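To keep things clear, I will list the structure first and then write my remarks on it.
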Amino acid sequence: MPPISTRRIDRCLSLDDFEPLARRHLPHPLFEYIRGGSETNASLRGNLRSFQDWGFVPRVMNNVSGRNATATLMGQSYAAPIGIAPMGLSALMAYRGDIAMARAARSANLPMIMSGSSLIRLEDVAVENPDMWFQAYLPGEPERILALVDRVAAAGIGTLVITVDTATLANRENNVRAGFSTPLRPGPRLAMQGMTHPVWTLGTFLRTILRHGMPHFENSFAERGAPILSRSVMRDFRKKDHLDWSHFALIRERWKGNLVIKGLVSPADAERAVLEGAQGIVVSNHGGRQLDGTAAPLRMLPAIRDAVGGRAALLLDGGVRRGSDVLKALALGADAVLVGRPILYAAAVGGEAGNDRALAIMMEEIHRNMALLGIRSLDELDETFVLRTVPQPE
């Protein structure tokens with residue numbers, strides 16, 4: 001059963017409507033973990049604001065009755081140009097959260113990327129959605145990298161996403177102030193949060209422990225990682241600042257499926273990624289959670305599109321909240337976008353039904369806005385449909 005009634009979920013009219021529900025439902029440290037970015041949250045705000053820099057230039061008197069919002073990524077056809085971004089700890093926020101998202105994505109025929117910082121074995125989620133993608137944070141040693149790649153391949157997963165913007169841990173002051181850590185440290189403050197949020201405590205945390213045992217980081221490596229709740233155990237954050245393109249080449253040689261690189265905002269890096277064999281690029285600043293002040297992906301998208309020149313699928317991640325945001329990104333060169341925080345909020349408050357509703361809202365907005373924009377197919381979108389409303393800095 002979802003923690004919030006289906007009737008209340010159905011009253012959500014936009015993705016933003018799930019956030020206040022999640023704020024009330026989740027313990028404060030968990031909500032702040034999802035909501036916050038790093039340091040001053042400048043990149044987080046910039047991601048959202050970047051979509052306001054562009055206005056539409058609609059066309060009229062076109063027959064748009066036969067609209068088709070399908071999109072093709074790396075040879076796979078999807079119902080719309082949107083997917084679920086990888087989000088760590090999803091099963092801590094929502095009961096079996098990764099599975100809820102995987103099922104919703106499969107029902108909607110949309111891509112879903114499972115996070116390497118997840119608490120359910122990737123093999124178990126792949127059973128629920130064989131078409132899911134898996135996102136990995138690279139271990140520090142080549143042998144552990146290859147062991148993880150082999151594990152993903154053995155699970156039958158066809159698309160591997162390598163996140164590359166985590167050379168070191170970011171300065172996430174918001175997490176410290178909110179009392180969040182990984183693993184979570186038992187104590188009076190955490191216990192009080194559990195008591196004041198009984199629906200989450202009973203319906204997500206205790207339900208998980210009773211049915212599946214203490215959650216662990218299951219997919220950071222080929223082997224099991226640290227538990228999510230521990231007074232003394234530390235999560236394995238061994239240094240990764242030595243990783244370079246040779247490690248990506250090592251993966252490309254070993255991995256036979258689609259290989260996507262996530263966390264690029266530099267056109268030069270995007271061009272290098274294509275030369276190294278990437279079939280997809282996720283233009284992303286990690287949702288504003290790594291280097292604070294990094295440029296918004298939407299602002300970098302046209303230059304990256306020009307650098308890549310159609311040689312790889314381009315996905316944009318960061319700040320997408322509306323169907324209109326999706327269409328702006330596509331007009332500026334993206335093939336699809338990824339949606340993160342709102343989907344996790346929806347899972348937290350409604351489980352699979354919450355995700356069904358969130359994805360349906362996005363797809364309805366895309367379909368409606370295509371008509372208002374005057375297009376029948378996403379292939380018609382280009383920069384003539386948008387106009388920069390905020391001058392670009394000199």
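Of the complete DSSP H runs in the chain, those spanning 27 angstrom or more by Cα along the long axis with a mean Kyte-Doolittle score not below 0.0 are 341-373.
Taking amide H positions as modeled 1.01 Å from N, with prolines and chain starts lacking one, the residues under 5 Å from TRP54 and 5 or more places away or on another chain are THR389. With K and R counted +1 and D and E -1, the other residues having a Cβ less than 14 Å from that of ALA191 yield a net charge of +3. So how far apart, in nm, are the two label points at LEU202 and ALA371 if each is 7 Å from Cα heading toward Cβ? Between LEU202 and ALA371, the simple spin-label model gives 4.4 nm. On full extension, the segment bounded by ARG189 and ARG11 gains 60.8 nm, given 0.36 nm per residue less the C-alpha separation. Taking the alpha-carbon centroid of each part, what is the distance from segment 259-309 to segment 83-99 in angstrom? If you average the Cα positions of each part, the centres end up 24 Å apart.
How charged is the neighbourhood of PRO29? Take every other residue with its Cβ under 14 Å from the Cβ of PRO29, and add Lys/Arg as +1 and Asp/Glu as -1. Charge balance in the 14 Å sphere: +4.
Per residue, the solvent-accessible area of segment 119-217 (1.4 Å probe, heavy atoms of protein chains only, all protein chains present) comes to 45 Å². Of the peptides 254-265, 66-77, 214-225, the ranking by mean beta-carbon count within 10 Å, highest at the top, reads 254-265, 214-225, 66-77.
At a probe radius of 1.4 angstrom, the accessible area of segment 259-376 per residue rounds to 27 square angstrom. For LEU338, the residues whose modelled amide H falls within less than 5 Å of its own, excluding neighbours fewer than 5 places apart on the same chain, are GLY83, LEU316, ASP317, GLY318. Within a straight-line Cα-Cα reach of under 17 Å, LYS240 can be paired with the following lysines, leaving aside sequence neighbours fewer than 8 residues apart in one chain: LYS262. Projecting the Cα atoms of GLY354, ILE251, VAL161 onto the charge dipole of the chain, computed from C-beta unit charges around the Cα centre, puts GLY354 farthest toward the positive end.
With q set to 0.07, 0.08, 0.12 Å⁻¹, the log10 of I(q)/I(0) for the chain, from the Debye formula over equal scatterers at the Cα positions, is -0.30, -0.39, -0.92.
Of the solvent-accessible surface of the chain, computed with a 1.4 Å probe and all protein chains present, 54% belongs to carbon and sulfur. Here SER107 sits with roughly 90 square angstrom of accessible surface, probe radius 1.4 Å.
Rounded to 0.05, the FRET efficiency of the ALA268 and GLN76 pair, given R0 = 25 Å and the Cβ-Cβ distance, is 0.30.
Computed with a 1.4 Å probe over protein heavy atoms only, the accessible surface of segment 18-70 comes to 49 Å² per residue.
The values are calculated or read from the model by the stated rules, or taken from the named source; none is laboratory data. None of the values given here were measured: they were computed from a predicted structure. Please note: Cβ atoms are built from the backbone with ideal geometry, for glycine as well, and neighbour counts cover all protein chains shown. Areas reflect the complete protein model, heavy atoms only, side chains present, ligands, DNA and RNA absent. Shrake-Rupley method; radii C 1.70, N 1.55, O 1.52, S 1.80 Å.
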